[in-house]
Amino acid sequence: MVHIEVDRDRCEGHGLCEQTGPEIYRLDDDGELELLVAEVPAELLAEAEAGARVCPVAALRVLS
Amino acid sequence: MSKEPMMNSDVLHGDRPYDPLDPGHVGVPEERLAVARERCPVSQPRPGVFVVARHDDVLAALQDPGSYSSENNFVLDGGTGTAGLPATPITMLDPPAHTVLRTRLRQWFAPAVLRKEEPRVRQIVTDVLDTLQAGEQIEVWTDLGRVVPARTVYAFLGIPEADWDTVQGWADVVNDQLPQVSVEMPEFVSLSGYLAQLVVTSAAEPARGAGVIDGLVHPGPDEEPLSPVEATMHCMQLILAGTDTTGSLVVNLLYELLSDRARWERLVADPSLIPQAVEESLRHDAPLQYVLRTVTADREIRGCPIGSGDRLVLSLQSANLDEQDWGADAGDFSLDRAPGSATLASFGYGIHTCLGAPLARLEARLLIEGLVARFPSLHLAPDYSWEPAPRSMVRRPARLDVIL
């Protein structure tokens, strides 16, 4: 079971995760990050990890 | 036409492969940084100055402001410190003061704000490109690299359009002296005096809800008022941080696209590749080559002892070229590099990550989109040869001559 942990104190809404992993990450109109999946399916794991890596403020972790 | 490495044999054997105070090292750093990563990931080019070269070490240090302070950090030599400055810019603050100021400044650079401002930036690009003719030879740094980022930052600040060229005249001169800016140089005095006047004028008027200056002088319900000197300093900081760097991104990117013109042709055929090209340029040619931190307590990095008060040179460029993170082809410029294959260091990382990064990306994308659409036959001038700009922290060619 793989899921994503968002550090809300760090997230500043840069939106790079959304550009890199649009099937996992979405910024709402207020710039708040929404996760589109509660658990990351195997076929989206690479996208989830790439989205976490591009976060410029280290707010995302992919945990299994 | 390619960039030839300028290596001396001593580099391969020395334990100080990269000296951030040597403009030759900064201008053509690839081989020296490769040696640093491979043989000496924490090197000491000068007493008390340590260069950190590996991707993971650079990112770890950037994430640890308690151990590596930003206070008094901007220049490496000639004495540093904020004593000469009338207020402390955000880049030289640690938490908690940093956190408060960042929360305040970042509201103007949020993606939602940028989406709204995109037509404005596009108009700035269009106005500049409208002055150019197909077949004409231009020098990209002067004709595009300086102008588009400057006007974009001025628009965001809320500087009246009629004053843009005058302000840029001062700011260009100040930018050319970075990071060794003297607060006594006439152009610095003129620029800061102009901004201070604008701050005072804006403060006397009702809030317009538009522009950084207007926002800084009309604090929100939870915000402390800033003194005019502080507001002026933050405006100055945004101008100096957002222009030279973004202009460098533009010239570095265009050089890579045109020196192997198949890349340019790919973008002409498929402009949807442009954002990827911007990311690859940021990685391959970091405009700001390194940032500085001061060690707050004795410690070791990769077994290398570092003492309290020592200075760290975190090589953003080297982090971006680390083969262990980016793969064996990390040194190549590739339009096919998968997004997110490693973490980009060019805008920093963590609490000080560049506030204007989304704006820089937007400007570069819109400018290249405009060039691709209007001047598909763009190519390097026949006698062009790449020479590094004589800068101590920023990397770009001194000039880039192209034919539209």
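The values are calculated or read from the model by the stated rules, or taken from the named source; none is laboratory data. Computed from a prediction, not measured in an experiment: that's the story for all the values here. We place every Cβ from the backbone using ideal geometry, glycine too, and count neighbours over all the protein chains shown. What goes into the accessible areas is simple: the full protein's heavy atoms, side chains included, and nothing from ligands, DNA or RNA. Shrake-Rupley method; radii C 1.70, N 1.55, O 1.52, S 1.80 Å.
Using the rule -39500 (n - 2.57) for each DSSP H run of four or more residues, divided by the residues of chain B, the 222 nm mean residue ellipticity is -13500 deg cm²/dmol.
Could you calculate the FRET efficiency of B:LEU85 with B:HIS379 from 1/(1 + (r/R0)^6), where r is the beta carbon distance between them and R0 is 41 Å, rounded to 0.05?
0.40
Distance from the C-alpha centroid of segment A:1-61 to that of segment B:205-244: 31 Å, rounded to the whole angstrom.
In segment A:25-64, which residues give up 10 Å² or more of accessible area once the other protein chains are added, compared with their chain alone (1.4 Å probe)? Residues shielded by partner chains are A:LEU27, A:ASP29, A:ALA50, A:ARG53, A:VAL54, A:CYS55, A:PRO56, A:VAL57, A:ALA58. Within the shell defined by Cβ-Cβ distances under 14 Å, the residues around B:TRP264 carry a net charge of -2, with Lys and Arg each +1 and Asp and Glu each -1.
Distance between the modelled labels on B:GLN63 and B:SER272, one decimal in nanometres: 3.3 nm (7 Å Cα→Cβ projection). Ligands, DNA and RNA aside, B:TYR154 has an accessible area near 0 Å² when probed at 1.4 Å. Residues whose amide H lies under 5 Å from that of B:ILE301, counting only those 5 or more places away or on a different chain, are B:ILE306; hydrogens are built 1.01 Å from N in the peptide plane.
The base-10 log of I(q)/I(0) for segment B:110-169, evaluated at q = 0.12, 0.18, 0.21 Å⁻¹, reads -0.32, -0.69, -0.88 [Debye formula, identical scatterers on Cα atoms, solvent excluded]. Phi angles of segment B:92-108 translate, via the Karplus equation with coefficients 6.51, -1.76, 1.60 and θ = phi - 60°, into HN-Hα couplings of 10, 10, 10, x, x, 4, 4, 4, 5, 5, 5, 4, 6, 6, 6, 4, 7 Hz per residue; Gly and Pro are given as x. Taken one residue at a time, the phi angles of segment B:366-379 give Karplus couplings (6.51, -1.76, 1.60, θ = phi - 60°) of 5, 5, 5, 4, x, 5, 4, 6, 8, 10, x, 8, 3, 8 Hz. Gly and Pro are set to x.
From the protein chains alone at 1.4 Å, what is the descending order of accessible area for B:HIS379, B:HIS98, largest first? Before the final figure, lay out the partial values.
Numbers: B:HIS379 70, B:HIS98 5 Å².
These residues rank, largest area first, as B:HIS379, B:HIS98.
About the centre of its Cα atoms, the protein assembly as shown shows a dipole size close to 400 debye [charges on the beta carbon of Lys, Arg (+1) and Asp, Glu (-1) only; nearest 20 debye]. Each label point was placed 7 Å from the Cα along the Cα-to-Cβ direction; for B:ARG39 and B:ALA297 their separation is 3.5 nm. Amide H to amide H, with H built 1.01 Å from N, B:PHE74 comes under 5 Å of B:GLY81, counting only residues 5 or more places away or on other chains. Remark: accessible surface ordering of B:ASP176, A:ASP29, B:ASP336 (largest first) is A:ASP29, B:ASP336, B:ASP176, probe radius 1.4 Å. Accessible surface for B:VAL125 stands near 10 Å², nearest 10, in the context of the full protein assembly shown (1.4 Å probe). About its Cα centre, the dipole of segment B:254-399 is roughly 480 debye, where the only charges are +1 on Lys and Arg Cβ and -1 on Asp and Glu Cβ. Dipole of the protein assembly as shown computed with +1 at Lys/Arg Cβ and -1 at Asp/Glu Cβ about the Cα centre; of B:VAL402, B:SER202, B:PHE188, farthest Cα towards the positive end is B:PHE188.
Other residues whose C-beta falls under 15 angstrom from the C-beta of B:PRO225 contribute a net charge of -4, scoring Lys and Arg +1 and Asp and Glu -1.
Only Lys, Arg, Asp and Glu carry charge here, each on its Cβ (+1 for the first two, -1 for the last two); on that basis chain B has a dipole of about 520 debye about its Cα centre.
Using the Karplus relation 6.51 cos²θ - 1.76 cosθ + 1.60 with θ = phi - 60°, the per-residue 3J(HN,Hα) values for segment B:178-190 come to 4, x, 8, 7, 9, 5, 9, 5, x, 5, 5, 4, 5 Hz, with x marking Gly and Pro. Debye-formula intensities of segment B:299-404, expressed as log10 I(q)/I(0) at q = 0.14, 0.16, 0.18 Å⁻¹, are -0.89, -1.12, -1.33 (one equal scatterer per alpha-carbon, no solvent). When the surface is traced with a 1.4 Å probe over the full set of protein chains, B:CYS40 keeps roughly 30 Å² accessible. What a 1.4 Å probe finds exposed on chain B is 53% carbon and sulfur by accessible area, rounded to a whole percent. Ordered from highest to lowest accessible area with the whole protein assembly present and a 1.4 Å probe, B:ARG399, B:ARG208 read as B:ARG208, B:ARG399. List for segment B:95-116: residues with 20 Å² or greater reduction in accessible area, all protein chains versus chain alone, probe 1.4 Å? Going by heavy-atom accessible area, the residues of segment B:95-116 that drop by at least 20 Å² are B:ARG102, B:ARG106, B:PRO111, B:ALA112, B:ARG115.
Which shape class, rounded, prolate or oblate, goes with the protein assembly as shown when its Cα gyration tensor gives a ≥ b ≥ c as root eigenvalues, a/c under 1.5 marks rounded, and past that a/b bigger than b/c marks prolate? Each step should come with its number before you reach the end.
Values: a/c = 1.12, a/b = 1.06, b/c = 1.06.
Taking the square roots of the gyration eigenvalues as a ≥ b ≥ c, the protein assembly as shown is rounded.
Exposed loop sites were defined as GluC sites (Glu not before Pro) in DSSP loop states (anything but H, G, I, E or B) carrying at most 12 other C-beta atoms within 10 Å; in chain B the longest segment without such a site runs B:185-404. The convex hull built on the alpha-carbon positions of chain B has an orientation-averaged projected area of 19.4 nm².
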